[in-house]
Amino acid sequence: MTLEILTLIGVFVIPLVLPVLIGHVKQASRWRPGRRSGSVWPLVTDVAAIAWVWLLARGDLLPYDVATPDGVAIGWEAIVLLGLTLGVLCTLGYDGLEALLKRRAPPPQP
């Protein structure tokens, strides 16, 4: 795929992914100690995922197909966006697994 096709796909995917990203960040931003609205875990997941992507990029272990000039590294913008995406995927995956396990669990016996 060429860079133009990837850019075109990205432009059409942004409106679909943006509500999920914003909802994820809103959930973390509503969290306050002692309150039940919101959760700190999306923020923790995002920070851990951004750190993971940064370590991968620092060790040249982050593969990417877009041709860049020699000596140009992946910027912080890409690292943060990839980290947020990974954090959202982890949170959605965990929430989905938790819901699946709750559905499969037998009802409590009186």
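Remarks
- Look at the stretch 23-52: where a residue is open to solvent by less than 70 Å² (accessible area, probe 1.4 Å) and part of a helix (DSSP H, G or I) and a partner is modelled with pLDDT of 75 or more and of a type in the set (Val, Ile, Thr), sitting 6+ places away or on another chain with Cβ atoms under 6 Å, you get HIS24/VAL88; PRO42/THR91; THR45/THR91; ILE50/VAL80.
- All positions within the stretch 82-100 that are under 15 Å from VAL44 (Cβ atoms) and of a type in the set (S, T, N, Q): THR91
The values are calculated or read from the model by the stated rules, or taken from the named source; none is laboratory data. Everything quoted here is computed from the prediction, not taken from an experiment. Positions of Cβ are generated from backbone atoms using ideal geometry, with glycine treated the same way; all protein chains shown enter the neighbour counts. Note: accessible area is taken over every heavy atom of the protein model, side chains too, but ligands, DNA and RNA are not part of it. Shrake-Rupley method; radii C 1.70, N 1.55, O 1.52, S 1.80 Å.
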